[in-house]
Amino acid sequence: MRLVVTGGAGFIGSNFVRYMLAEHEDVHIVNLDKLTYAGNLENLRGIEDDPRYNFVHGDICDAVIVGKTLRGADAVVNFAAETHVDRSISGPQDFISTDVLGTHTLLEAVRRLEIPRYLQISTDEVYGSIEEGAFTEESDLDPSSPYSASKAGADLLVLAYHRTFGTPVLITRSSINYGPYQYPEKIVPLFIANAIDDLQLPVYGDGLNVRDWLYVDDNCAGIDLVLRDGVPGHVYNIGGGNEVQNLTITHRILELLGKSGELIRYVTDRPGHDRRYAIDCSKLGGLGWAPQVPFEAGLARTVEWYASHPEWWRTIKSGEWREYYARQYGGTV
Ligand code: NAD
Ligand code: TYD
């Protein structure tokens, strides 16, 4: 299979590239990535020399490079996106460009080149917050942030291409991922790195917001399955079945690192902060998928990875990250 992966230098994309090369002998992957602040070729260290892998530096909004890269592909998986909710609040423009217009550029190329399969990587955040129960793939979209609104816009375009042009599209909507190679602006790697350095952990609001945590390899397995066995035009939820409050995960990280709860600092809440996300994943279960990594084991493995790869996150924290951190937390932590 000749597979084009976009955004393969980011967190989930790089884990997916590794996963596919390890699982499938006969796969060839081209990774198209713009290398934004979140893209990092260090995430792919060790596989650059694999003859089944190529990197193309480019923007998914650039129709010329997208056309050249997708020509002859058997499938496209689109991970490329601006992904951080807080950045979408301080500056939404890039989210609309990449997440909406970039997706449209890819869809046009897929249609024109008659690529047999296109998988859009989406998020449970498109459904919005839910007090009780869980969203299914049929639930309405009700996004809260410019990030989730951009992702919802992309999902609707993807589904419209299926209905209007018969483009063979699929969508996965996963819950929040954790694991190695995640940029230390998201809560898990940020709090691990801060705790290691005895810096404060900025918990938004009362810390009781609930997310459903999914170990990144379980997401990769779900994406691989949908790519092979999913029905075109369909959406598949992928969740870990681990509903945990932010404060619980914060305490667990501190415990795993042997640090004190005194590092916790309550800071002003995120505007429009969704209280709880929950998705029903029985549709993907019907294809034979189930998450394999229990939350406790996955979190311990993740803390261990960051603790044993300080050079990876210290390099990031010496660059653009510093300005972002000062801007976002305004010297409060
Ligand atoms: P990330 O921010 O770690 O990486 C994004 C990657 O996309 C980077 O390598 C970046 O350079 C690249 N990119 C950004 N704009 C680009 C453009 N215009 N052209 C080409 N490449 C571009 O993101 P992630 O956390 O790995 O998320 C990957 C996908 O999964 C996203 O679509 C995101 O919405 C979705 N998702 C993420 C989570 C999560 O918990 N991280 C949960 C659900 C869904
Ligand atoms: P985040 O890691 O930004 O992922 P997302 O918003 O895409 O789900 O946030 C996860 C949860 O952690 C969310 O409820 C906001 C909270 N959070 C904090 O309390 N403090 C922080 O510094 C960050 C980055 C997030």
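Could you identify the single residue in Asp26, Asp86, Asp59 that is free of Cβ contacts under 8 Å to residues at least 60 places away in the same chain and either under 30 Å from Gly272 (Cα atoms) or of a type in the set (S, T, N, Q) (or both)?
The conditions single out Asp59.
Could you go through segment 7-16 and let me know if any residue there is without any contact (Cβ under 8 Å) to a residue 60 or more places away in the chain, within 14 Å of ligand 1 (Cβ to nearest atom) and closer than 28 Å to Ile187 by Cβ.
Pass one, segment 7-16, residues without any contact (Cβ under 8 Å) to a residue 60 or more places away in the chain: 9.
Keeping just the survivors that are within 14 Å of ligand 1 (Cβ to nearest atom) gives 9.
Filter once more, keeping what is closer than 28 Å to Ile187 by Cβ: 9.
Yes, the conditions are met somewhere in segment 7-16.
Going by the conditions given, is Tyr266 within 13 Å of ligand 2 (Cβ to nearest atom) and more than 22 Å from the chain's Cα centre (by Cα)?
Yes, satisfied.
Check whether at least one residue in segment 282-297 is part of a helix (DSSP H, G or I) and within 14 Å of ligand 2 (Cβ to nearest atom), and report yes or no.
Of segment 282-297, the ones part of a helix (DSSP H, G or I) are 282-285, 295-297.
With within 14 Å of ligand 2 (Cβ to nearest atom) added as a condition, the list becomes none.
Scanning segment 282-297 turns up no residue that is part of a helix (DSSP H, G or I) and within 14 Å of ligand 2 (Cβ to nearest atom).
Counting only residues that are part of a loop (DSSP other than H, G, I, E, B) and open to solvent by 40 Å² or more (accessible area, probe 1.4 Å), how many does segment 298-333 have?
6
Scan segment 89-118 residue by residue and report those that are over 27 Å from Gly241 (Cα atoms), within 16 Å of ligand 2 (Cβ to nearest atom) and open to solvent by less than 10 Å² (accessible area, probe 1.4 Å).
Phe95
Return yes when Ile121 is free of Cβ contacts under 8 Å to residues at least 60 places away in the same chain, out of contact with any His (no Cβ under 9 Å at 6 or more places or on another chain), outside any helix (DSSP H, G or I) and open to solvent by less than 20 Å² (accessible area, probe 1.4 Å) and no when it is not.
Judged against the criteria, Ile121 is not a match.
In segment 203-246, what residues are surrounded by fewer than 20 Cβ atoms within 10 Å (Cβ to Cβ) and assigned to a strand (DSSP E or B)?
Tyr204, Val210, Glu243, Val244, Gln245 - these are the residues of segment 203-246 that are surrounded by fewer than 20 Cβ atoms within 10 Å (Cβ to Cβ) and assigned to a strand (DSSP E or B).
What residue, among those in segment 54-68 that are open to solvent by 60 Å² or more (accessible area, probe 1.4 Å) and under 17 Å from Tyr118 (Cα atoms), is farthest from ligand 2 (Cβ to nearest atom)?
Taking segment 54-68 as the starting set, the residues that turn out to be open to solvent by 60 Å² or more (accessible area, probe 1.4 Å) are 54-55, 57, 62-64, 68.
Remaining after also requiring under 17 Å from Tyr118 (Cα atoms): 63, 68.
Numbers: Ala63: 29, Lys68: 32 Å.
Looking at the filtered set, the residue picked out is Lys68.
List the number of the failed condition for Asp269; all other conditions in (1) in a helix (DSSP H, G or I); (2) surrounded by fewer than 16 Cβ atoms within 10 Å (Cβ to Cβ) hold.
(1)
Looking at segment 125-152, I want the residues that are free of Cβ contacts under 8 Å to residues at least 24 places away in the same chain and have a partner that is charged (D, E, K, R) and within 14 Å of ligand 2 (Cβ to nearest atom) with Cβ atoms under 8 Å, at least 6 apart or on another chain. Which pairs are those?
Cβ pairs passing all conditions: Pro143/Glu125; Pro143/Lys151.
Can you tell me which of (1) open to solvent by 10 Å² or more (accessible area, probe 1.4 Å); (2) hydroxyl-bearing (Ser, Thr, Tyr); (3) within 18 Å of the chain's Cα centre (by Cα) is the one Thr136 doesn't meet?
The one condition Thr136 does not meet is (3).
Of all residues in segment 191-216, which are over 23 Å from Pro294 (Cβ atoms) and within 8 Å of ligand 2 (Cβ to nearest atom)?
Leu201, Pro202, Val203, Tyr204, Gly205
Consider Ala38 carefully, then state whether it is within 16 Å of ligand 2 (Cβ to nearest atom) and either touching a Gly at 6+ places or on another chain (Cβ under 6 Å) or modelled with pLDDT under 95 (or both).
yes
For segment 95-118, give me each residue that is more than 11 Å from ligand 1 (Cβ to nearest atom), in a helix (DSSP H, G or I) and either more than 30 Å from Arg275 (Cβ to Cβ) or free of Cβ contacts under 8 Å to residues at least 12 places away in the same chain (or both).
Within segment 95-118, His104, Leu107, Glu108, Ala109, Val110, Arg111, Arg112, Leu113 meet the criteria.
The values are calculated or read from the model by the stated rules, or taken from the named source; none is laboratory data. All values reported here derive from a predicted model rather than from experimental measurement. All Cβ positions, glycine included, derive from the backbone under ideal geometry; neighbour counts span all protein chains shown. The area values use the complete protein model at the heavy-atom level, side chains included, leaving out ligands, DNA and RNA. Shrake-Rupley method; radii C 1.70, N 1.55, O 1.52, S 1.80 Å.
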